[in-house]
Amino acid sequence: MELYHSPASPFVRKVMVVLHETDQLSDVALRASSQTPLRPDPANQNPLGKVPCLARPDGPALYDSRVICRYLNDRAGAGLYPQARIWDVLTLEATADGIMDAAVLMVYEGRVRSEAMQSAEYVDAQWAKITRALDALENRWLSHLSGPLHIGQIAVVCALGYLDLRHAARSWREGRPGLTAFDARMAERPSFAATAPAENR
Ligand SMILES: N[C@@H](CCC(=O)N[C@@H](CS)C(=O)NCC(=O)O)C(=O)O
């Protein structure tokens, strides 16, 4: 299989963590793919022009990160989607993905749109979404972030890592001791250390 990959993408990182955790790294070749909404990678098999995208020899390419992660989990018979609390876990993943979406849009606003078209109000509104989601994680979801590894935890770590990479000055840790401790604890897992985000997206 071939994974359309970008080293800074938090969505790609979710897939990379799942590959590490389920011992499937050697089944996937990484294919560098760089794009913005204005400049899609013409080789990318995701018609929406986004990474991650997983090309398979025995079926159509899979996208997006939620589909790919679940596919890889099933393929390995791993337990990243515990049935007993599946709706909590999937909502956690959706919350983390929403943080990533907003954080990426903030970056695009500064990088992709001309200066005259950029809106500070829009950027602030995206950050407000992130702030509310982080507060929800801290105040409502912390107990769900403990216990055996699941896809919700993986997604939250990837979202927080992206905030550190692109929005460090906004100090997401301030006033969120529980989330800070969770992030520090998870950073000790080899799969997260090996997939720390790098420049270039
Ligand atoms: N919902 C998608 C989001 C993927 C996404 O937004 N990827 C970004 C990179 S971090 C991208 O490819 N952006 C290009 C674009 O928006 O055209 C997923 O979970 O895979």
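Here Ser114 fulfils each of the conditions (1) closer than 14 Å to Pro10 by Cβ; (2) modelled with pLDDT under 95 apart from (1). Annotation: of all residues in region 18-46 being open to solvent by 80 Å² or more (accessible area, probe 1.4 Å) and more than 13 Å from the ligand (Cβ to nearest atom), the one that is farthest from Asp97 (Cα to Cα) is Ser26.
Scanning region 47-68 for residues being more than 8 Å from the ligand (Cβ to nearest atom), assigned to a loop (DSSP other than H, G, I, E, B) and surrounded by 13 or more Cβ atoms within 10 Å (Cβ to Cβ) gives a total of 0. Every condition in (1) within 22 Å of Ala196 (Cα to Cα); (2) under 18 Å from the mean Cα position of the chain (by Cα) is met by Lys129 except one, and the failing one is (1). So which helices (runs of 4 or more DSSP H) stay within region 79-189 end to end and still have 2 or more residues that are touching a residue at least 60 places away in the same chain (Cβ under 8 Å), surrounded by 14 or more Cβ atoms within 10 Å (Cβ to Cβ) and of a type in the set (D, E, K, R)? Result: 86-111.
The values are calculated or read from the model by the stated rules, or taken from the named source; none is laboratory data. Since the structure is predicted, the reported quantities are computational estimates derived from the model, not experimental observations. No Cβ is skipped: glycine too gets one built from the backbone with ideal geometry, and neighbour counts run over all protein chains shown. Accessible surface areas use protein heavy atoms only, side chains included; no ligands, DNA or RNA. Shrake-Rupley method; radii C 1.70, N 1.55, O 1.52, S 1.80 Å.
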